[in-house]
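What follows is calculated from the coordinates using simple rules that are stated; it is not laboratory data. Bear in mind the structure is a predicted one, so any value in this text is a computation, not a measurement. Positions of Cβ are generated from backbone atoms using ideal geometry, with glycine treated the same way; all protein chains shown enter the neighbour counts.
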Amino acid sequence: MRCPVNSNGASSPYHAPLYHAPMLSAGTLTSRERRRAESLPVAALLVALSAMAPLTVDMFLPSLPTMAEEFAASESTLQLAVTLFIISFAGSQLVYGPASDRIGRRPALLAGLTLFVVGSLLALSARSVEVLLAGRVVQGLGGGAGPAVAQAIVLDIYGRQRAARVLSYMAIALPLAPAVAPIFGGFLHDAFGWHSVFITLTAIGVLLALAYGLGLPETRPKRAPGTSGIGGLMRDYRTILSSRTYLAYAAVMGLMFGGQLVFISSSSFVLQEEFGLSAQWFGLSFGLVALGIMLGATISSRLVVRLPSHRIVLLGTGISAGASALMLAWVATSEAGGVWSVLVPMFATAMGLGLTRPAAVAGALVPFPQIAGLASALLGFSQMLIASTYNIVYGALVPVGADALATGVACSVGAAFLAVLVLRPRPVEG
């Protein structure tokens, strides 16, 4: 992608400008290392690292009703195990992102994965809901390293020209985590109990650390002297936060994820207790929603070379807003549809999310290739902060139920659609 320039080299006022931090070199990879870094196994590793949140949240969902009984805790208390993870996950990205820009991708990511394993073991050993929640917080503090550093590595390896397309391809594979995780989690829960879920998450953390440590060298571009101190960090923050385009995409992603988080935190109770699905059938139905995200991401990967990112985002948010409005009307006016009154419209809502996310991520990150870690971290943090705040407030005000789920999703993704219309984010054209 190229940012259009006029005759004197200035960025076109119709497109987001590129930020160029002082650098010593374009990167640290040799030709051989770059070929290995661009291989399919490394791409799969980056997808897995980016999927830390859905893996850790969705594999856990089928166990929520049973754990509420075992710990003698309310449904809203167990929902905190989802929300607190998301909050700590989001906040930790603000540490890992800038740290990876300064000390390197490898130490930042390996430290985070180690902390994730510690949190998984703490949750595994829980004998009270308080210890369980503490373990989930520690998991989140470690897991935030995954997407914050992985998306920066994409820009390190592929550069601006190919990053948007690669992010779109990753977005096709990424929904496999929320598709497979609840199915696998439901199987583990039914066969071995909820402890087996945290044993599996511990093993995943260890395997990811080994795969990254042995399979990928340091990719961080070298920064010039004087750009790595507090002053340089503050300048980087100001540069990103003064970008209207970046802020617009961050708001849209946060609101879209807010609708998804309402579904994630409520669906296990609504689909299993209100509609009577088993843990395994819940996992399969949850996988249907993840399939919608994959379909949307596949369409997005085709459109990204034909349409500017803001048009793809407008299309995706519009589809989600329309589908969620249909779900709200269907749930409110008919009981005959049963579980399908939630799942069919949610499939289309998820398709809109899959269509939106790759274009929004690329539109937000591509202008900042040389501070990609910080840009990625801020994007992840703002997305999860907006979504978690919305989910906490909405969950505190509205009891769990199908009507509440449909209303919560419709309000959040509808606001995302309005945000695109009002904020009008401008893409970097190439």
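PRE reach from R306 (point 7 Å along Cα→Cβ): which of region 340-378 fall under 19 Å by backbone N? 351-360, by backbone N distance to the label point. Remark: W330, W340 ranked as W340, W330, counting other beta-carbon atoms within 10 Å and listing the fewest first.
About its Cα centre, the chain has a charge dipole of approximately 2200 debye under the convention of +1 per Lys or Arg Cβ and -1 per Asp or Glu Cβ, with nothing else charged. Here the gap between A191 and E218, fully extended at 0.36 nm per residue and compared with their Cα-Cα distance, gives a gain of 5.6 nm. Sparse packing (at most 15 other Cβ atoms within 10 Å of the Cβ) combined with a DSSP loop state is found for the following trypsin sites (Lys or Arg not before Pro) in region 126-191: R127. Dividing the helix sum by the residues of the chain, where each DSSP H run of 4 or more adds -39500 (n - 2.57), gives a mean residue ellipticity at 222 nm of -25500 deg cm²/dmol.
Please check: in the Gaussian network model of the chain (C-alpha springs, under 10 Å), which one of G276, G296, G112 has the largest mean-square fluctuation. Comparing G276, G296, G112 in the GNM, the peak value goes to G276. Each residue, S76 and L423, gets one label point 7 Å from its Cα in the Cβ direction; the gap between the two is 3.0 nm.
Please work out whether the chain counts as rounded, prolate or oblate from its C-alpha gyration tensor, where a ≥ b ≥ c are the square roots of the eigenvalues and a/c under 1.5 means rounded, while otherwise a/b larger than b/c means prolate and anything else oblate? Note, shape of the chain comes out oblate. Taking the charge dipole of region 31-423 about its Cα centre, with +1 at Lys and Arg Cβ atoms and -1 at Asp and Glu Cβ atoms, the residue from A179, Q260, S92 reaching farthest to the positive side is S92. Computed from the Cα positions only, the extents of region 269-337 along the three principal axes stand at 44, 28, 16 Å, in decreasing order. Once the Cβ-Cβ distance of S242 and A396 is raised to the sixth power relative to R0 = 35 Å, the FRET efficiency obtained is 0.55.
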